[in-house]
Amino acid sequence: MYKIALITGDGIGPELSESVIDVLDIINDKLGVKVEVTKLQAGDAALKKTGKALPDETVEQIKNSDACLKAPVGESAADVIVVLRRLLDLYANIRPAKSYPNMPALKENIDMVIVRENTEDLYTGMEFEVGETIIALRSISKGASERIAKHAFATAEQRNGKRKVTCVHKSNVMRKTDGLFAKTCEQVAKNYPKITFEHMYVDACAMNLIRQPESFDVIVTTNLFGDILSDEASQVVGGLGMAPAANIGDRFALFEPVHGAAFDIAGKQVANPSSFILSAKMMFEWLGIKNNDKSCQDVAKKIENAVYGIVKDGIKTRDIGGDKSTKEFTQNVISRII
Ligand code: ATP
């Protein structure tokens, strides 16, 4: 039995959470993996109700579970996810961008993963006023660069892809910080002679993601660049509605859609639940590897095949050119899983 903590979130978060709960219920009932889901509060609604965007009880419950699924939260996102990443030392943010069939994608054969360092860079929020100027501190350490680089190479080894790691930075301008990141990745690359290694400046990468997205396999980069490039990559393969993500540490992991709370479409039953359902798929993959549990790997494959199959058949939500509601789409996924 796996204990899953589920943050239901704000905006479209509760609708996506219902979809994921329906999918997990079926897995529990019909497939060989047992899960126990605990719904938790965090985000804007939690802040209003309890005075804290991330209530202590939520943190305790997460710590007592095997993995966490987190729906998007609203304005208080930084007080939830940034804090959780730090508290649980979730140093690797993994964002796959894969082209599914029948999508408004730039090309059909895209299959890449962005491995983003999750703990430092400009996102530590160290900002100071000096007179009328604001200074932001950018910290890049050898240790954090080394462990994210190792994670990227391990990912390239595990995947059945092009066996390539592209290190993305801007070391020609930020000579010290990105210089250290690039050099450290290069050193780690020496331990993986079978994986092709290349450097790319972040501006060139932003361009190549549009020009030749099929040429990428694994991209490893720093926090801010990774955040921006992964939103771009998700648009290249058909939009945020299909984009899942994982935040991984050595002992724990949290899975969430790439997108935010999308208040513009909240409560209308038009949101694409694939981003969260595919996040659950990543969770089963991770549980499978961590616990050496093949049945979790099988569940992950079943989820992905179900989503792949229905979009191939043209059963789609509005954002990807279809007309199905969140519930209808979810029911179709479920009928293909079992
Ligand atoms: P954040 O700043 O937290 O990233 P945001 O409000 O800038 O959030 P998102 O919420 O990430 O942006 O989403 C941008 C737009 O993409 C939304 O306004 C919405 O129209 C669309 N969108 C995002 N997620 C989905 C989804 N799951 N299904 C359909 N459309 C979506």
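The values are calculated or read from the model by the stated rules, or taken from the named source; none is laboratory data. These figures come from a predicted structure and were not determined experimentally. Counting neighbours? That spans all protein chains shown, and the Cβs are built from the backbone with ideal geometry, glycine included. Calculation scope for accessible area: heavy atoms of the full protein, side chains included, ligands and nucleic acids excluded. Shrake-Rupley method; radii C 1.70, N 1.55, O 1.52, S 1.80 Å.
Figures for the structure shown
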read-out	value
Unit charges at the beta carbon, dipole of the chain: most positive-side option, Met283, Ser325, Gly267	Met283
Charge sum, other residues only, whose C-beta stays under 11 Å from Leu47's C-beta, Lys/Arg counted +1 and Asp/Glu -1	-1
Relative contact order (%) - the stretch 106-236, alpha-carbon pairs under 8 angstrom, separation at least six	38 percent
Percent of beta bridges antiparallel (DSSP, the stretch 1-136, rounded to nearest 5)	50 percent
The chain - percent of accessible surface contributed by carbon and sulfur, probe 1.4 Å	50 percent
Net charge of Cβ neighbours under 9 Å - reference Leu287; Lys, Arg +1; Asp, Glu -1	-2
Where no second cysteine Cβ lies under 4.7 Å, the cysteines concerned in the chain	Cys68, Cys205, Cys296
Pairwise centroid distance, computed over Cα atoms, of the stretch 95-109 with the stretch 253-310, Å	16 Å
FRET efficiency, Ala136 to Glu157 (Cβ-Cβ, R0 41 Å, nearest 0.05)	0.70
Sequence-separation-based contact order of the chain, relative, with Cα cut under 8 Å and 6+ spacing, percent	22 percent
Fluctuation leader among Pro55, Pro193, Pro273 - the chain, Gaussian network, Cα springs under 10 angstrom	Pro193
For the stretch 106-236, accessible area per residue (1.4 Å probe, heavy atoms of protein chains only), Å²	50 Å²
Net charge over other residues, Cβ less than 13 angstrom from the Cβ of Gly161 (K, R count +1; D, E count -1)	+2
222 nm mean residue ellipticity, helices alone, for the chain (DSSP H n ≥ 4; -39,500 (n - 2.57); rounded to 500)	-13000 deg cm²/dmol
Under-5 Å amide H pairs with Leu40, H placed in peptide plane, nonlocal only	Leu6, Ile7, Thr8
Residues of the stretch 254-287 with amide N under 20 Å of a point placed 7 Å along Cα→Cβ from Asp298	280-287
Considering only the chain, percent of DSSP beta bridges that pair antiparallel, nearest 5	45 percent
At R0 = 22 Å, FRET efficiency that the Cβ-Cβ distance of Glu127 and Asp89 yields, to 0.05	0.45
Lysines whose Cα lies under 25 Å from that of Lys52, excluding same-chain neighbours fewer than 8 positions away	Lys3, Lys39, Lys63, Lys70
Highest to lowest packing among 132-143, 108-119, 314-325, scored as the average C-beta count within 10 Å	108-119, 314-325, 132-143
Alpha carbon convex hull of the stretch 106-236, volume per residue in cubic angstrom	108 Å³
The chain - Rg (one decimal) and Dmax (whole number), Cα, Å	19.5, 63
